[in-house]
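Working notes for the structure below.
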Amino acid sequence: MKALRLILLMLLFVLTSNAQNNNNGIIKGKIIDQNTKQALPYVNIVITGANTGAVSDTLGLFILKDIQSGQYQLKVSFIGYQTKVVKDIQVVPNKSAYVDIELNIAITTMDAVTVKAFRFENTPLKPISSFSLSREEINRSPGAAGDILRTIGMLPGVQSSGGEFSAIAVRGQGIYNNVYMVDGIPVYSLGHFEGNHTGFNDPNGGRFSILPPRIVQTAEFSAGGFSSEFGRRNAAFLGLTLKEGNPETYSIEGQIDLMGGMLSYDGPSKIHKNTSLFLAARYQNFEQVFKMTGMDNDGVPQYADFIFKSTTKIGKKNKLSIIGMYNINRFDKDIKHLLLQEEITEDHLSDAEENKSVFGLNLRTLTSKNSYWTNILYYRNYDRNYIIGKTDLSEKPDGSLPDESEINYIRDLLNWKKNEQEIGYRSIFTYIFNNKSRLRCGIDFSNLSLNYSRILSQADTSYVFSSSDYRPDETQKFIVSYPQFVNMKFDNNAFNLASYLQYSFFPIKRLHFNVGLRYDYYGFSETHTLSPRLSGSYQINEKNSLNFATGIFYQDNIPDIIADNQEESDLKTEKSIHYILGYKKYFTPNLKLTIEGYYKDFSNLIVREARNTKFFTNNGTGYAYGLDFSIVKRFANKYHGQIGYSYMQSKRDNNNGKDIYDHYYSMPHIFSALISYDINKHWIVSSKFRYFTGKPTDEYIIHRNVHNNDEYMRYSQEIISNNTDRLDNYLSLDLRVDYRYQFNKFALMFFIDIANITDRLNPNYMVLRERTGEVIPKGTKMFPTFGLKFEL
């Protein structure tokens, strides 16, 4: 309450103060060719809606002086290049706003008429399923609280768990099938609090992104058919660029909200004149929020993130970025939390801690006027210690709960430890042939070390089972996990190699091809794979195009499966073949329609033999198909928005004698709509609506008194068919309001961000209450947050 009073008092001070300084600011920047990375001279830069403009010099540099404080857009144009609009440039009195701008060449020429792109993401190199998001679009997304994954979750073709989960699944595949790159460094996990209480992989994924708000400068997302440069995952691609520090002037940003706060520095290093820094730290603790929402019996989650990026310009030809990320989270669920239950529904204890770190060097060198060379060296570490306990928590004869001292429990029923370390190197060379074709080739090396152990200290009973699960007595209406079928220890390392080639060219006017080939060697399974890929576009006229893609994509076995199947090292990598056909139309420079149909064929899918064993096979097959539709209005005239609809079917067959079934993320109908409006220079209002078909869930029957003991009454849930029923449909309305007030160099901002404002329960899964036989939906209702931010 003290923090709340402080926020309200500061907000009142902002609203009632008239202190304002009329000093103006500066916009500086550099214009470069997106393909060759060379500086572009004599480019026209104009502030939209104003008469102020500039022309870049021979080094590509420009400066706009004496600009009143506020938020601006720049229109950048140059003969032979696509006109580009750069938005959300915040000008602060007595400071310089700095921006690097990349221009792409005009797509082609038709009958002496230059075809111009109306969107910076419309490039022949990425014709399929490509969406770009800016830093401000990510930050403004309602209900996302600045979380990049929750923002991506509303794009066409994306199935998001929503509510308490932030992980994304794309076009009928799972959350572990996506390629994630941060500044060119492969990052295999972007979430906090991954995994569930069983100790096995959670299909819903993490709860929050490891990247705090306003950390990501740009996000490029492709729902399929991506370049041969990216592999080892076979569904979608998400490339993130962390914000670079402003080389001209510094700024400090801070935020205080219901769960904690964050602090960042953006500016020159003060050590080297050509080096800029961006530093950020965040800490979040959910204890007070859980008390406010009646969820304090769920335990205490908390996490922290530390982000570092240094950018140095070495001479005229080299740019070096140093990236560091350290992310930790901890979850505690003790007896004292269980005793907060109104009735006994949960008897498991949890003690989980995860540490993730990434360190990388990214050096880009201009090797000629038509080529550049990128070299990336990185180190990745992941530590996880997960301890599951269990109590004999029971009500007293009078119906009350016992005291903590009266409860018997085992603290370390299951102890699961993970350590992954990877050292890698990527080298990518790009050559441009007269701006008509491009060759990109590269090679990746990495050494992955895994040290895993899972120890079940004694047999554990589960009251959810299927008839195919192992039971010594088939009449037994529950299953028992025995240590010999669960325990595992794995300590090994393997060398991985990839090489790739991507050639982009125009065989004839209007038609563009991207032809790629990728080779992968995966050391743990000693497999060699070859992945040919093809994408392209046909420019009907300056506003309409047809787009297509096909190719083979492979999925490395995830470390958990490697560790569990160390004695069966012949598991193959999963295979997916994509077929995509799309149509794009620009109604205006800021309004685009996209329609894409797709089909995917899956083979060598890894499936678990039984839920109480650790054994997997490659018996699975499947397919997915669908249609994605979107209308996107980029920011102009004070508002931006998006409407999307996806129809999708995804099926799996474990080839175990049972019927084909719906995949966990097979949600046939997904609809989303977003609108954001800048009322004036102080107020921004945004709203988002989402609807999707409920997730598939199993049909079941309930068995009573499975131990034949009236004094130890337990119910069990027998799964009789896989994913043949569905949870309730997901329906959510989110709202966000931002207020900004500028005091000379100091800005004060207040925000309120409410996810699911209607307070409707949106279930993610079902849980058996083994003491009563009830099967209840688990999910979240309304989740509000608000806070105060400042910039200095």
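Observations on the model:
- Among the numbered conditions (1) under 23 Å from the mean Cα position of the chain (by Cα); (2) part of a strand (DSSP E or B), the only one that SER666 does not meet is (2).
- Of ILE344, ILE335, ILE328, ILE322, all but one fail to be of a type in the set (A, V, I, L, M, F, W, C) and within 30 Å of LEU59 (Cβ to Cβ); the exception is ILE322.
One line per residue, one yes/no per condition, for (1) crowded, with 19+ Cβ neighbours inside 10 Å; (2) at negative phi; (3) in a strand (DSSP E or B):
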{"residue": "LEU731", "(1), (2), (3)": "no, yes, yes"}
{"residue": "ARG736", "(1), (2), (3)": "yes, yes, yes"}
{"residue": "MET749", "(1), (2), (3)": "yes, yes, yes"}
{"residue": "ASP753", "(1), (2), (3)": "yes, yes, yes"}
{"residue": "ASP759", "(1), (2), (3)": "no, no, no"}
{"residue": "TYR765", "(1), (2), (3)": "no, yes, yes"}
{"residue": "LYS778", "(1), (2), (3)": "no, yes, yes"}
{"residue": "PHE790", "(1), (2), (3)": "no, yes, yes"}
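- Each residue in the range 554-594 was checked for being modelled with pLDDT of 85 or more and more than 30 Å from MET488 (Cα to Cα), and 15 of them qualify.
- Residue within the range 751-772 that is in the same structural domain as ILE252 (by TED's automatic domain parsing), modelled with pLDDT of 90 or more, of a type in the set (Asp, Glu) and under 30 Å from GLU395 (Cα atoms) present: no
- Among (1) assigned to a strand (DSSP E or B); (2) at pLDDT below 90, the one test that ARG533 misses: (2)
- Strands (runs of 3 or more DSSP E) lying entirely in the range 248-328 (those with 3 or more residues that are hydrophobic (A, V, I, L, M, F, W, C)): 275-285, 300-314
- Checked against the criterion of being surrounded by 17 or more Cβ atoms within 10 Å (Cβ to Cβ) and more than 25 Å from ALA304 (Cα to Cα), the candidates TYR372, TYR378, TYR386, TYR326 yield just one match: TYR372.
- Residue match in the range 245-266 (condition: free of Cβ contacts under 8 Å to residues at least 12 places away in the same chain and surrounded by fewer than 21 Cβ atoms within 10 Å (Cβ to Cβ)): no
- The range 307-336 - residue that is more than 28 Å from ASN419 (Cβ to Cβ) and touching an Asp or Glu at 6+ places or on another chain (Cβ under 7 Å) and, of those, modelled with the highest pLDDT: THR311
- Under the condition of being closer than 17 Å to SER462 by Cα and under 28 Å from the mean Cα position of the chain (by Cα), the residues counted in the range 698-732 number 1.
- Residue in the range 539-550 that is under 20 Å from ALA106 (Cβ atoms), assigned to a loop (DSSP other than H, G, I, E, B) and among the basic types (Lys, Arg) present: yes
The values are calculated or read from the model by the stated rules, or taken from the named source; none is laboratory data. Nothing here was measured: the structure is a model prediction, and the numbers come from that model. Please note: Cβ atoms are built from the backbone with ideal geometry, for glycine as well, and neighbour counts cover all protein chains shown.
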